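Notes follow the structure.
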Amino acid sequence: MSGTTPNASCHGFRFSEARALISDLQRPNQAIYWIDFLGSILAGHVFLHGIFLLPWFYGFTPQVWAGMAVCYVLTLILYMRALMFIHELVHLPEKGFTAFRIAWNALCGIFFFVPSFLYYPHVDHHRRKHYGTEHDGEYLPLSNRGPWLIAVFIGQALFLPLLAIFRFLVISPVCWIVPSLRPLVHRHLSTMVVDPFYERPDASPKVMRIVLLQEALCFAWCVWFLIRGGILRDQWLDPFWLIAYAVGVGILVLNEVRTLGAHRWTNDGGEMSFSEQLLDSVNYPNHAWASELWGPIGTRFHALHHLFPRLPYHNLGKAHRRLTEGLPADSIYHQTSAESLFSEIAALWRRSRASEHGDVVPAETSDSNHVVPST
């Protein structure tokens, strides 16, 4: 294992000390969740249709192309924000948020072929004995395999939208007809993962009922998506397909770039200590407005999220400020902060290139004296 180790001048992290600083921030505010999600997804739908309708009404003029480009960027940002609530669903309390879970799937998850059941195994990413191992489907040794793996990780965005359609249009009904295939599909084709070799554990009967329901809804939406052009506009090639594909690829690329900066990816399979796991994750407290565009719903505070997974996203900024001000100057928590996403990705690229030549380049952690937190 090649992991990030704390500086010699830093003491071990005291969890109880940190928890005492943020103990009053644990309760999620339902109003914030509803307003944020509904505003993001509905505005995203508006701008998506703007891409489609502008040339429909005004033709392809330079001004229309510019308007379509603006709508496209806003669609990516808004949809990305709405989609990232799938991460919150895993960590929210089971009671009290049932309506929100249903609304998210109905307005977003089914629409994008990413129903919430795909993300249930995310909890393994937070198990201390699983993080960075074969039991963690959201981890790859990107620092230790050469730049080709980073390129493949980004490039897969071109194919994932098509694979999602195939998963729900073809594989789902095959499993309904041939139930003996269900265990194989559940383990290998039913999870949003970073590691393609991850095997999902078997699910309880309750979870499988949710899986079947959400699969059926995705299948129905997929059928309508593929025939709507012929019914509504009598066109065998629906131009909306091209727009949806471009938006899907754009969102995936944006999310994969965000994911590259979420960790330092230094582990190579072995179990990591708590300090190593904390230092392998990254916070981006600076440039709040820009960081929130690519790391929405608290994902720019990824190290803090790993420290307190149930802390609601709308309190992460406040919690980070308290920890930065309240923890000792030599706490390793300060080393989780990075100046920018691109600086972290550049450092990851350097480590991956060094690994090709057998060199070991330690992850570059930021000293609190050089990173000034602001939210």
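The values are calculated or read from the model by the stated rules, or taken from the named source; none is laboratory data. Everything quoted here is computed from the prediction, not taken from an experiment. Note: ideal-geometry Cβ built from the backbone for every residue, glycine included; neighbour counts use all protein chains shown.
Of all residues in region 256-296, those being among the polar types (S, T, N, Q), buried (at least 16 other Cβ atoms within 10 Å of the Cβ) and either touching a Cys at 6+ places or on another chain (Cβ under 7 Å) or within 18 Å of Asp136 (Cβ to Cβ) (or both) number 6. Applying the condition of being of a type in the set (A, V, I, L, M, F, W, C) and assigned to a loop (DSSP other than H, G, I, E, B) to region 121-162 and asking which residue is modelled with the highest pLDDT yields Phe159.
Here Leu217 meets the list (1) surrounded by 15 or more Cβ atoms within 10 Å (Cβ to Cβ); (2) of a type outside the set (Gly, Ala, Ser); (3) more than 19 Å from the chain's Cα centre (by Cα); (4) at pLDDT below 95 almost entirely, failing just condition (4). Evaluate region 248-266: report whether one residue or more is among the basic types (Lys, Arg), closer than 30 Å to Phe111 by Cα and assigned to a helix (DSSP H, G or I). Checked against the condition, which is being among the basic types (Lys, Arg), closer than 30 Å to Phe111 by Cα and assigned to a helix (DSSP H, G or I), region 248-266 yields at least one hit. Restrict the check to region 304-327 and report whether at least one residue is of a type outside the set (S, T, N, Q), surrounded by fewer than 22 Cβ atoms within 10 Å (Cβ to Cβ) and at pLDDT below 90. Among the residues of region 304-327, not one is of a type outside the set (S, T, N, Q), surrounded by fewer than 22 Cβ atoms within 10 Å (Cβ to Cβ) and at pLDDT below 90, which makes the answer no.
One residue is enough: does region 216-223 have a residue meeting the conditions within 25 Å of Ile297 (Cβ to Cβ), touching a Pro at 6+ places or on another chain (Cβ under 9 Å), in a helix (DSSP H, G or I) and of a type in the set (A, V, I, L, M)? Looking through region 216-223, at least one residue is within 25 Å of Ile297 (Cβ to Cβ), touching a Pro at 6+ places or on another chain (Cβ under 9 Å), in a helix (DSSP H, G or I) and of a type in the set (A, V, I, L, M). Considering every residue within region 54-74, establish whether at least one is out of contact with any strand residue (DSSP E or B) (no Cβ under 7 Å at 6 or more places or on another chain), within 30 Å of Met272 (Cβ to Cβ) and surrounded by fewer than 20 Cβ atoms within 10 Å (Cβ to Cβ). No, there is no match, as no residue in region 54-74 is out of contact with any strand residue (DSSP E or B) (no Cβ under 7 Å at 6 or more places or on another chain), within 30 Å of Met272 (Cβ to Cβ) and surrounded by fewer than 20 Cβ atoms within 10 Å (Cβ to Cβ). Just give me the residues in region 33-83 being part of a helix (DSSP H, G or I) and more than 27 Å from Ile297 (Cβ to Cβ), in sequence order. Correct list: Leu53, Leu54, Pro55, Trp56, Phe57, Tyr58, Pro62, Gln63, Val64, Trp65, Ala66, Gly67. Counting only residues that are among the hydrophobic types (A, V, I, L, M, F, W, C) and buried (at least 17 other Cβ atoms within 10 Å of the Cβ), region 138-148 holds 2 of them.
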